[in-house]
Amino acid sequence: MNTDLKNGVSRRNFMRILGAASAAATSFPAFAAAQAPAGQRAGGGDMGDMRAARNPNTVIISSNENPLGPAKSALDAICSTANLGGRYHQEVSMQAITAFNEIYSLKRGYSALFPGSGGPLDLALMSNIGPDKPLVYGDPSYEQGFRAADAMKAPKFPVPLTADYKHDVKAMLAAHPSPGAYYIVNPNNPTGTMTPKADIVWLLENKPKGSIVIVDEAYHHFSTDDSCIDLVAQDKDIIVLRTFSKIYGMAGIRAGFAVAKPELLARFSTVSPAGRSLASISITSAAATTASLKDKDLITLRRKINSDIRSETLEFLTKKGYKILPGSQANMFMVDVKRPGREFGASMMQENVAIGRSWPIMPNYVRVTVGTKDEMAKFQTAFVKCMDKAPATANGAAELFVPEYHAPSELYRGMAV
């Protein structure tokens, strides 16, 4: 545990700089006319350049990053592969794909490797929705779903979560007779809660012919519940997304997989002629991906680290009488701050703690990423102090607080804002 933490954090900033080169900077002519929502920076990172203006001692627990950074096995693979950077070395990417397919018993052609999961998530969404093919999704959930719908001029049907914060698959099915896609984030972002696999199987079995179920498993490694990837191997109408940004700590290095039967992956190229070029990642990213996949103890170790720190933090908040949203199985949780989340986030920033945003359907809840034990101790101190303040007494700090932006997607690069 200590070795993982030490190696991950001490080399984190360097590896982020190195890994940034792997992100594709592709503009899509098909979306040149699309506009990002007001106040949203298209193509930027979660925190972007606003981090430079912050106190370097700021605790950043706002973007669901992994404070451990890449595993030592991944760092070693990057360093040993970097000297091959003068060549294209596509076989390094194929090694990563092969390793992934072997773990999940997938046939060749059922997975594709990308620089991150933002690009393939948009490709999965945009290749299945449009003006006559609506998108049905949970609310609250990750915003990239409805943003893709906006870009494709697809009607949107948000469906509130159940009372225990699962995706309400029966209500989702009833939302529209023939949607293009159902979007499920599992564990969900921002609630961290799981929708049972049996519910997703039910949706697959009862959905209209031609509709696709898209399951975003970015945070799945933090949970012990079953994945939906085996449903892909069964040739179901499902696309599963995986990222190496979360439990693997490779947010700045960029690697992710889209998993689906070949005909669904082939649709990605219909979004734009350049669509499949996004699957070309750097050899260092591919090497780190393979090493991470082969690091047998990594997931179990990091899951426990996250679970222990999350449990300790939630226990503290509960004992203090604060209301938390129960059931998180991810590296995040939500807490009721009894005032607009933006206002509370501004107050926390005055204490040099950056927390996540709130969602319109839950405006007084904020999302908090699980950081290191030391970071969460600082969060606890700042949280109590800010909760003790009367609402709307942040001394104008709301003007200084900038909310988190959605994870970068190469599809949005170059779009006007």
When Ala354 is run through (1) in a helix (DSSP H, G or I); (2) of a type in the set (Gly, Ala, Ser); (3) at pLDDT 95 or above, the failure sits at (1)
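Each row is one residue, and each column tells you yes or no for (1) under 23 Å from Lys373 (Cβ atoms); (2) buried (at least 16 other Cβ atoms within 10 Å of the Cβ); (3) assigned by TED's automatic domain parsing to the domain that holds Ile97; (4) among the small types (Gly, Ala, Ser).
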{"site": "Ala251", "(1), (2), (3), (4)": "yes, yes, yes, yes"}
{"site": "Ala258", "(1), (2), (3), (4)": "no, yes, yes, yes"}
{"site": "Phe268", "(1), (2), (3), (4)": "no, yes, yes, no"}
{"site": "Ala286", "(1), (2), (3), (4)": "no, yes, yes, yes"}
{"site": "Ala291", "(1), (2), (3), (4)": "no, yes, yes, yes"}
{"site": "Arg302", "(1), (2), (3), (4)": "yes, yes, no, no"}
{"site": "Ser307", "(1), (2), (3), (4)": "yes, yes, no, yes"}
{"site": "Thr318", "(1), (2), (3), (4)": "yes, no, no, no"}
{"site": "Ile324", "(1), (2), (3), (4)": "yes, yes, no, no"}
Across (1) modelled with pLDDT of 95 or more; (2) touching a Ser or Thr at 6+ places or on another chain (Cβ under 8 Å); (3) among the aromatic types (Phe, Trp, Tyr), Trp359 clears everything bar (2)
For Gly44, state whether it is within 24 Å of the chain's Cα centre (by Cα), modelled with pLDDT under 50 and on the phi < 0 side of the Ramachandran plot.
-> yes
When restricted to Asp230, Asp199, the only residue closer than 27 Å to Asn66 by Cβ and modelled with pLDDT of 95 or more is Asp230
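Would you check which residues across the range 204-213 are of a type in the set (A, V, I, L, M) and either surrounded by fewer than 21 Cβ atoms within 10 Å (Cβ to Cβ) or closer than 21 Å to Ala251 by Cβ (or both) and list them?
As a first pass, look at the range 204-213 and keep what is of a type in the set (A, V, I, L, M): 204, 212-213.
Matches in the range 204-213: Leu204 only.
The values are calculated or read from the model by the stated rules, or taken from the named source; none is laboratory data. Everything numeric in this text was worked out from a predicted model, so none of it was measured. Positions of Cβ are backbone-derived with ideal geometry, glycine not excepted, and every protein chain shown enters the neighbour counts.
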